[in-house]
Each structure stands twice: as structure tokens, then as C-alpha cells.
1. What do you get for the angle between helix 174-187 and the principal long axis of the chain? Use alpha-carbon atoms, 0 to 90 degrees, nearest ten.
2. Counting other C-beta atoms within 10 Å, which of 22, 171, 164 has the fewest, and how do the rest follow?
3. On full extension of the chain, what length is gained from residue 163 through residue 93, given 0.36 nm per residue of separation minus the C-alpha to C-alpha distance?
4. Select from 26, 144, 236 the residue whose mean-square fluctuation is largest in a Gaussian network model of the chain (Cα-Cα springs shorter than 10 Å).
5. Quick one: angle between helix 7-21 and the longest Cα principal axis of the chain, in degrees between 0 and 90, rounded to 10, please.
6. Treat the count of other C-beta atoms within 10 Å as a stand-in for reagent exposure and order 194, 14 from fewest to most.
7. Could you work out [θ]222 nm for the chain from helices alone, using -39500 (n - 2.57) per DSSP H run of at least four and dividing by all its residues? Round to the nearest 500 deg cm²/dmol.
8. Only Cα pairs within less than 10 Å get springs; with that Gaussian network setup on the chain, which residue of 69, 213, 226 has the largest fluctuation?
């Protein structure tokens with residue numbers, strides 16, 4: 001939800017988020033059914049965003065989708081504010097060495113955004129794809145990133161988690177998650193123990209600055225039919241080498257520090 005002080009711009013961005021969340025072209029009636037805005041207000045925002053090229057309207061199907069102007073802005077953000085361009089060669093090498101699926105993620109408003117992915121030769125079918133947003137509390141990459149937040153930011157992040165139970169091993173409370181976050185800080189890595197999807201496991205490490213701020217995270221993902229947590233844990237030295245190399249290359253870049261929600 002948009003902060004109350006963000007005014008018209010914040011409300012328009014909320015509409016953009018709503019369109020993007022469908023993952024497909026969407027009709028106005030669908031937007032209206034899930035919107036907090038009155039019909040006339042929502043229509044005004046949709047028309048303005050379309051006129052500005054942030055949304056694209058298909059007159060044949062009567063649907064709206066993210067527009068080309070938004071695509072250009074997204075590409076610019078990918079180039080200048082994400083780890084993806086820096087990490088490309090390192091992800092290629094890691095995926096080839098471990099023979100498993102590799103993810104690169106960053107934290108966005110207490111959620112995980114997957115910014116790059118390398119599939120193994122025999123890929124695993126799973127939720128995560130580049131550009132998708134996922135929960136932080138039940139993903140390996142999410143947990144290792146929020147584990148390194150300052151306490152005041154960590155409190156905010158935990159308050160924003162839904163703690164919906166996806167599987168039998170999903171954390172369902174902040175107290176439960178905090179216990180694991182302490183272990184992650186002590187060990188320097190964390191797991192996804194089938195917490196988001198049954199049968200999907202991973203090991204994740206944060207990409208840390210010299211001051212222990214998490215710029216992002218890397219995970220190696222597999223299934224319970226192919227390996228186990230001990231097998232993934234054996235990959236920690238190789239993954240840490242990758243994370244440290246990305247962090248070193250990123251040290252000359254000026255990544256934005258996330259702003260806490262009001």
C-alpha cells in the first residue's frame with residue numbers, strides 16, 4: 001500500500017504495481033475489482049499512465065499492460081541500480097561449476113526481487129524467475145538479506161511479512177524467523193528447507209559490503225530428489241567466492257540504500 005504522504009504520484013505507482021502484478025494484460029474491470037480507488041479515480045490514473053507511455057492499451061482485447069516507456073526505465077534501473085550487470089560472468093561460472101540452478105536477488109520493500117537466474121542443464125520447475133517478486137521470510141535469499149538489516153530496519157521488514165504457511169516448514173511468526181536469522185548471521189549462510197515450495201531446497205549467501213550491508217544474495221537451488229541440505233552446504237566455499245567477487249566489483253558502484261517505509 002502506498003504511504004499516505006505520497007500523493008498522486010504514489011497512487012499512480014500503486015496502479016502500475018497492480019497492473020504488473022497480474023503478469024499478463026489485464027482488463028479495467030479486473031483492476032477495478034482489486035483497487036481501493038473509486039471507478040472514476042482509477043480510470044483517470046489508467047488514462048494518464050497510458051497517455052504517458054507507462055501503460056499500453058490493446059484496443060482489440062480491451063486490456064492494459066506495462067508500456068514501452070516503463071520498459072525503458074526498467075532497463076535503465078537494471079543497468080544502474082541492480083547487481084545483474086556486474087554479476088553476469090560470475091553467475092555463469094558458478095552455475096557451470098555446481099551444475100545447479102543459481103539465483104541472484106535483491107531486497108525491495110522487504111520483499112525479494114529475482115534479478116537474474118541461471119538454469120542447470122536439467123532445470124527445476126519452480127516459482128522464481130527473473131523479474132518476479134517473492135516473499136523474504138520463506139526463501140533462502142530473502143532470509144540471508146534481512147538477517148543483515150540493522151535492527152530498526154529488520155523490525156520494519158518483519159512487520160511487512162505475511163507469514164502465510166506455504167508448506168509444513170514455513171515460518172509462521174516473526175519470533176520463529178528471528179531465531180533462524182541469528183543462526184544465519186553466525187554461519188554466514190542460510191537454507192530454504194522446502195519453505196516456499198514442496199520439494200525445493202536451496203542454500204543462500206548474502207553479498208556483503210565492507211560494512212556488512214547486504215547488497216543482494218546468491219542461492220543454489222535443487223530438489224529433495226536430487227540432493228539434500230548437506231549436499232548443498234558443501235557448496236558454501238564456492239558460493240562464498242562468487243559472492244565476495246561480486247561484492248568487490250560492486251564496491252566502486254553507488255547502489256542506493258533502501259529507504260524505510262513510513
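1. Helix 174-187 sits at roughly 50 degrees to that axis.
2. 164, 22, 171
3. Values: separation 70, 0.36 × 70 = 25.20 nm, distance 3.46 nm.
Extra length from residue 163 to residue 93 when fully extended: 21.7 nm.
4. With Cα springs under 10 Å in the chain, the top fluctuation among 26, 144, 236 is at 26.
5. 70 degrees
6. Details: 194 20, 14 16.
In order of increasing Cβ crowding within 10 Å: 14, 194.
7. Details: 10 runs with 113 residues, N = 262.
After summing the helix terms and dividing by residue count, I get -13000 deg cm²/dmol.
8. So, out of 69, 213, 226, the one fluctuating most is 226.
No lab work stands behind these numbers, since they all come straight from the coordinates. All values derive from a computational prediction rather than experimental measurement. Heads up, the Cβs are rebuilt from the backbone with ideal geometry, glycines too, and the neighbour counts pull from every protein chain shown.
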